[in-house]
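The values are calculated or read from the model by the stated rules, or taken from the named source; none is laboratory data. Predicted model, so just to flag it, every value in this text is computed and none were measured. Because the Cβ atoms are built from the backbone with ideal geometry, glycine has one as well, and the counts that use them run over all protein chains shown.
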Amino acid sequence: MPKFESEKLLVGLDTSDDAAVYKLSDEMALIQTLDFFTPVVDDPYLFGQIAAANSLSDIYAMGGKPLVAMNIVCFPSCEDMNILGEILRGGADKVKEAGALLVGGHSVDDKEPKYGLSVSGTVHPDKVLSNDKSKEGDVLVLTKPVGTGIINTAIKENLCDKTVENEAVKIMSHLNKYAALAFDKVKVNSVTDITGFGLLGHALEMAKASNVTLEIDSKSVPIIKQALELASMGIIPAGMYRNMHYISKYVKCDNVPENLMDVLYDPQTSGGLLISVKEENSLQLVDEILKNGALEAKIIGKVVKKEEKYINVK
């Protein structure tokens, strides 16, 4: 892509961050993002909720608040429009929960349904959070369990327990708003959200952008029940292999089981936030995140001086 530069562009393409940030004034910056994808569950209403939560997540990862959203819709004209109506209703309910306004959108006739949002939000220019400010000595906090890619693959093959499926849907449709509320009280250094590149992929982006090494304690990473078992059975999405192929050359792992590494590479749908915070503030951050109603807040590692590899999994 051609590179655009401006003194007002606070966050652009350089660090593979979650959204763009453009300075409007000394008191306000605009956050702009968009995302959409094909259905990950059969229920159209739940799919709409998950896709919307995923799109809104980038705003929270930048430290901002969403203001307005617009639908991005691809849908076959020959299909039942009531299905599309349920998708849009699910998305609208999540936008409402986020405290933002749904103000329109655009649709095209397509063979396969796709849905998501373009979202605009705001943040104070001095309070922008990005993935390039991790500091040596920081602690890493994760706010949702991982394993949704594996669970979604198992759901398609009817190999997943219903209780586990429901738990995965709950995780994917949960707004990162509740974790991000903690940033108003606890200063953090760097944030990214965990989506298609998996935990290790987004951790790699943070490590590269910050020129540090992230040490991940694999035993501390929260994982959706049954994901490890399914990974051992080979129930793994193709995206995991793509992630592993690209990321593994930057990763050192010491005697970590193969199925556990598969989960760490697993592409997530609407995953949690990965937060880099000073160690002395980490327990307060965990407490605030949980108090605000987030699903998880787990310390999973630390930031150390740049080593040969960007990621060290133990």
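For ILE155, are the conditions met, namely being buried (at least 24 other Cβ atoms within 10 Å of the Cβ) and among the hydrophobic types (A, V, I, L, M, F, W, C)? Lay out the reasoning, then the answer.
Values: buried (at least 24 other Cβ atoms within 10 Å of the Cβ): no; among the hydrophobic types (A, V, I, L, M, F, W, C): yes.
For ILE155, the condition - buried (at least 24 other Cβ atoms within 10 Å of the Cβ) and among the hydrophobic types (A, V, I, L, M, F, W, C) - is not met.
Could you please find all residues in segment 89-117 being crowded, with 21+ Cβ neighbours inside 10 Å and either of a type in the set (Phe, Trp, Tyr) or not in a strand (DSSP E or B) (or both)?
Matches in segment 89-117: GLY90, GLY91, LYS94, VAL95, ALA98, ALA100, TYR115.
Given the criteria among the small types (Gly, Ala, Ser) and part of a helix (DSSP H, G or I), does ALA69 qualify? Outline the logic, then answer.
Values: among the small types (Gly, Ala, Ser): yes; part of a helix (DSSP H, G or I): no.
Criteria not met by ALA69.
Report yes if some residue within segment 167-184 is touching a residue at least 24 places away in the same chain (Cβ under 8 Å) and over 21 Å from the mean Cα position of the chain (by Cα); otherwise report no.
Pass one, segment 167-184, residues touching a residue at least 24 places away in the same chain (Cβ under 8 Å): 167-183.
This time we only want the ones that are over 21 Å from the mean Cα position of the chain (by Cα), so: none.
The answer is no, given that none of the residues of segment 167-184 is touching a residue at least 24 places away in the same chain (Cβ under 8 Å) and over 21 Å from the mean Cα position of the chain (by Cα).
Filter segment 234-252 down to residues that are out of contact with any Ser or Thr (no Cβ under 8 Å at 6 or more places or on another chain) and touching a residue at least 40 places away in the same chain (Cβ under 8 Å), then give me how many there are. Don't jump to the end; show me each part of the working.
Narrowing segment 234-252 to residues out of contact with any Ser or Thr (no Cβ under 8 Å at 6 or more places or on another chain): 234, 238-252.
Within this subset, residues satisfying the condition of being touching a residue at least 40 places away in the same chain (Cβ under 8 Å) are 239-240, 243, 246-247, 250-252.
Total meeting the criteria: 8.
Can you confirm whether segment 116-124 contains a residue that is in contact with a Lys or Arg (Cβ under 7 Å, 6 or more places away or on another chain) and in the same structural domain as ALA61 (by TED's automatic domain parsing)?
Of segment 116-124, the ones in contact with a Lys or Arg (Cβ under 7 Å, 6 or more places away or on another chain) are 121-122.
This time we only want the ones that are in the same structural domain as ALA61 (by TED's automatic domain parsing), so: 121-122.
Among the residues of segment 116-124, at least one is in contact with a Lys or Arg (Cβ under 7 Å, 6 or more places away or on another chain) and in the same structural domain as ALA61 (by TED's automatic domain parsing), which makes the answer yes.
With GLU229, GLU167 as the choices, which residue is surrounded by fewer than 17 Cβ atoms within 10 Å (Cβ to Cβ) and of a type outside the set (Gly, Ala, Ser)?
Details: GLU167 fails: surrounded by fewer than 17 Cβ atoms within 10 Å (Cβ to Cβ).
GLU229 is the lone residue from the list that is surrounded by fewer than 17 Cβ atoms within 10 Å (Cβ to Cβ) and of a type outside the set (Gly, Ala, Ser).
When both residues are 6+ apart or on different chains and their Cβ atoms are under 6 Å apart, which pairs have a first residue that lies in segment 198-220 and is farther than 13 Å from TYR250 by Cα, and a second that is basic (Lys, Arg)?
From residues that are farther than 13 Å from TYR250 by Cα, the pairs are ASP217/LYS314.
Please give the number of the condition SER120 fails out of (1) small (Gly, Ala, Ser); (2) more than 30 Å from MET81 (Cα to Cα); (3) in a strand (DSSP E or B).
(2)
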